[in-house]
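Structure record follows, encoded as structure tokens.
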Amino acid sequence: MRKKITSKQKYIWFLSSMIGLIALIIVGIMLFQEPPKKKEKVTHPKHHKPTYRATYHFTAPDQWMNDPQRPIYLDGKYHYYYLYNRDYPNGNGTEWRHATSKDLVHWKDEGIAIPKYTNKNGDPWTGSFVVDQNNTAGFGKGAFIAIVTQPSADGGMQEQYLWYSTDKGKSFKSYRDDPVMPNPGTKDFRDPKIIWDAQESKWVLLMAEGSKIGFYESRNLRDWRYTGAFTTENIGIVECPDLYQMKTNDGTYKWILGVSANGKSIGKPNTYAYWIGDFTGSGFNTDQTVPKWLDHGFDWYGGVTFESGKKSEKFTKRYAIAWMNNWDYPNETPTRVEGFNGFNSVVRQIQLKQVGSHDYSLVSQPISSLKKLTYRTDSFDEIKVKGSKTLRASGDAYQLEADISWSEAKNIGIRLRESKDKSRHIDVGIFPQGGYSYVNRGSTDQPDKSHKYVESRAAFDKNKHNVHLKILVDKTSIEVFIDDGQVVHSSEVFAPLEDRGISLFSDDGTAVFKIVKIQHFHSIKEN
């Protein structure tokens, strides 16, 4: 006899059926649903104790650094030396410290290569080194030969001494206690720069001698003969001379003579001055009556240029690096409490381009390998600004690019490292009515306590109504490249670490900011 189904059993059966049906529906939805998109992996930087040490600029490992010495590429890496003082701030004297790099972004410390006070001639100052591939000096094929200024035991006169290395630059030995270039009777006689003249198969050396640059020649790097001079005017005592040849974008070849110089008395920068002309084999000729300037900021000094590691780029591309400081305020830095003082600019790529029917100029761009440090990018397609507008982006280590256009606006630009209350910031802008670009660091902490060097300026065409800006921001610096690097401003800034805001501004008119792109950078210590 069949059992009678109770109401309770009917209810349980109905409930079970409904649960099964719902489960089938859910499974069906999951089977026919588009699979979820894979989230893009974002690598965030490691968090460390707050510090004023630069995120992606080369800094002194400790104590003090100043002048860079021209790097040379050999066996897959660049060899770089810089002046270093292990006893700073309680003792004087510099020595050559060695670093190497494969990409000119990441650096490996190689220690002291030329120590100070190892002979009676005092400490080694700025000079230059070459790789003697043909053994012209007699220390062996491929020896590193450095000619270095030292204040001799004979009254502290500046004279030139030879040091050599047979272990690929790791350590140098003094050739002798006597100079290879005795002082000719001038107060300033320093910063020798050596190049190889392939056409004449000889070494050429440039010397900073007060307001002139002396030219010398040698067959063996030990015996030097004076050949001529180039005289400068109104740019103070010149230092760190430079000479090289480049191929322009119109196919012609030009020689460039550069120096670190002080043009403050004539309203010019205190950075790298240069002339374009011809090297005669014994001197330099130019039609320029005044020099051009590779940087218009306050802190790009002791600059050196050097060849790319690719032979195919020998005449079309060079690199440049400088000390980011100024002898008017060398010790005014918050990094001293962290045990170091001194850093370099980023390495730039420089090219010689025609800018008029008969005029040429060097243009600069940050080295492209910096972009490999990017861990996040903020992008904004188009922003119209009248007054100011704060971006939903912030940081203290990044590259910012923007195309800006305007019609009637009188002052257009970007405020960087801005505080939350808007009272502190660094302004990068264009003042069309005045015909200049500028970087103003007066509204934040900066090293010039005299407040003489607050706003750097460079000429800008009043008839233009657009500009391209590329700006590198780091913990203690700002480098601005205007219109593909035709003008550059580089300066130290010490904005409080908590100031990370970014705002756009346009006074007395509307400006359009297009393709604003911010690439945030990892620390070079993490890569």
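The values are calculated or read from the model by the stated rules, or taken from the named source; none is laboratory data. Everything quoted here is computed from the prediction, not taken from an experiment. Virtual Cβ from ideal backbone geometry, glycine too; neighbours counted across all protein chains shown. The area values use the complete protein model at the heavy-atom level, side chains included, leaving out ligands, DNA and RNA. Shrake-Rupley method; radii C 1.70, N 1.55, O 1.52, S 1.80 Å.
Brief remarks follow.
- Scanning segment 83-103 for residues that are more than 19 Å from residue 304 (Cα to Cα) and surrounded by fewer than 20 Cβ atoms within 10 Å (Cβ to Cβ) yields 86, 87, 89, 90, 91, 92, 93.
- Looking only at residues in segment 112-127 that are touching a strand residue (DSSP E or B) at 6+ places or on another chain (Cβ under 6 Å) and not hydrophobic (A, V, I, L, M, F, W, C), the one that is surrounded by the fewest Cβ atoms within 10 Å (Cβ to Cβ) is 119.
- Selected residue (criterion: least open to solvent (accessible area, probe 1.4 Å)) from residues of segment 403-433 that are over 15 Å from residue 505 (Cα atoms) and modelled with pLDDT of 95 or more: 419
- When segment 182-229 is limited to residues that are of a type in the set (Ser, Thr, Tyr) and closer than 21 Å to residue 133 by Cβ, the one that is least open to solvent (accessible area, probe 1.4 Å) turns out to be 218.
- Residue 303 vs. criteria small (Gly, Ala, Ser) and either part of a strand (DSSP E or B) or in contact with a helix residue (DSSP H, G or I) (Cβ under 9 Å, 6 or more places away or on another chain) (or both): yes
- Applying the condition of being polar (S, T, N, Q) and modelled with pLDDT under 95 to segment 340-382 and asking which residue is surrounded by the most Cβ atoms within 10 Å (Cβ to Cβ) yields 354.
- Matching entry among 47, 106, 57 (being over 25 Å from residue 205 (Cβ atoms), modelled with pLDDT under 95 and either open to solvent by less than 10 Å² (accessible area, probe 1.4 Å) or not β-branched (Val, Ile, Thr) (or both)): 47
- Scan of segment 276-300 for residues that are hydroxyl-bearing (Ser, Thr, Tyr) and part of a loop (DSSP other than H, G, I, E, B), ordered by number: 280, 282, 289
- Residue match in segment 25-43 (condition: at pLDDT below 95 and under 30 Å from residue 309 (Cβ atoms)): yes
- Top-ranked residue in segment 509-526 [being farther than 17 Å from residue 346 by Cα and surrounded by fewer than 22 Cβ atoms within 10 Å (Cβ to Cβ); ranked as modelled with the lowest pLDDT]: 526
- Pairs, first under 12 Å from residue 299 (Cβ atoms) in segment 258-273, second part of a helix (DSSP H, G or I) and open to solvent by 20 Å² or more (accessible area, probe 1.4 Å), C-beta under 6 Å, six or more apart: 270/264
- Taking the listed residues 450, 477, 443, the one that is open to solvent by less than 20 Å² (accessible area, probe 1.4 Å) and among the polar types (S, T, N, Q) is 477, with no other qualifying.
- Residues in segment 438-470 that are small (Gly, Ala, Ser) and either in contact with a Gly (Cβ under 7 Å, 6 or more places away or on another chain) or free of Cβ contacts under 8 Å to residues at least 60 places away in the same chain (or both): 442, 443, 456, 459.
- Every condition in (1) out of contact with any His (no Cβ under 6 Å at 6 or more places or on another chain); (2) crowded, with 17+ Cβ neighbours inside 10 Å holds for residue 330 except the one numbered (2).
- Some residue of segment 248-268 being touching a helix residue (DSSP H, G or I) at 6+ places or on another chain (Cβ under 7 Å) and open to solvent by less than 40 Å² (accessible area, probe 1.4 Å): no
- Filter result for residue 285 (without any contact (Cβ under 8 Å) to a residue 12 or more places away in the chain and surrounded by fewer than 22 Cβ atoms within 10 Å (Cβ to Cβ)): yes
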